[in-house]
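Here the structure is laid out as structure tokens; the discussion comes afterwards.
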Amino acid sequence: MTPAVSRRKLVAVVLASGALSACGFKLRGSQSFGFRRIAIYPNPGGAIAQTLRRSFGTGVQVLPADAPLTQAQVVLNMPLEQRDKVVVGSNASGQVREFQLRLRVRFSASTPQGAELLPSDSIALQRDFSYNESAALAKETEEALLYRDMENDIVAQILRRLATIKPAP
């Protein structure tokens, strides 16, 4: 490689990094929260709740299900976590060819005393996937991966909304 080629590559890298920083691009870092203790209620064992537990950094303690709510600074209420699988396509002989997976979560956040921090909101996601009964086991695995991807997406959205909560004065 000639010195002129390596200089051109260096200039291209510098220009590209400059363009990325000028457009506001920033790597996603860990989020900071305005609270240190959170309780997830009423379903602390649900898939979304378990993913949320793992997603909080070391700065936030997720209280166990049997802990009194008064120990929490924020109570995350998750009254609904609904999964649906709907047939959206079939062939002329009635065999299923396409499914739609749906995941819906309703949540709100409040103080242990009941003061609203985040109003009740819901997040609904859906994914379509083709189905072939000759590859049923592979499609079952694909379904599980799609649900896990939707769970991770919902958790990321909930975490971003929780990060907007300001600490109490």
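Of all residues in the range 57-82, those that are buried (at least 17 other Cβ atoms within 10 Å of the Cβ), assigned to a loop (DSSP other than H, G, I, E, B) and of a type outside the set (Val, Ile, Thr) total 3. Note on the range 123-158: residues that are outside any helix (DSSP H, G or I) and either surrounded by 12 or more Cβ atoms within 10 Å (Cβ to Cβ) or basic (Lys, Arg) (or both) total 9.
Here's the yes/no breakdown for (1) modelled with pLDDT of 95 or more; (2) among the aromatic types (Phe, Trp, Tyr); (3) out of contact with any strand residue (DSSP E or B) (no Cβ under 9 Å at 6 or more places or on another chain):
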| residue | (1), (2), (3) |
| --- | --- |
| Gln113 | no, no, yes |
| Ile123 | yes, no, no |
| Gln126 | yes, no, no |
| Tyr131 | no, yes, no |
| Ser134 | no, no, yes |
| Thr141 | no, no, yes |
| Ile154 | yes, no, no |
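If you go through the range 83-117 and keep only what is surrounded by 12 or more Cβ atoms within 10 Å (Cβ to Cβ), out of contact with any Phe, Trp or Tyr (no Cβ under 7 Å at 6 or more places or on another chain) and of a type in the set (A, V, I, L, M, F, W, C), you end up with Val105, Phe107, Ala109, Leu117. Evaluated against (1) out of contact with any strand residue (DSSP E or B) (no Cβ under 7 Å at 6 or more places or on another chain); (2) part of a helix (DSSP H, G or I); (3) modelled with pLDDT of 65 or more, Arg53 falls short on exactly one condition, (1).
The values are calculated or read from the model by the stated rules, or taken from the named source; none is laboratory data. Treat the numbers as computed from the prediction; the structure is a model and nothing was measured. FYI the Cβ positions are ideal-geometry reconstructions off the backbone, even for glycines, and counts take in every protein chain you see.
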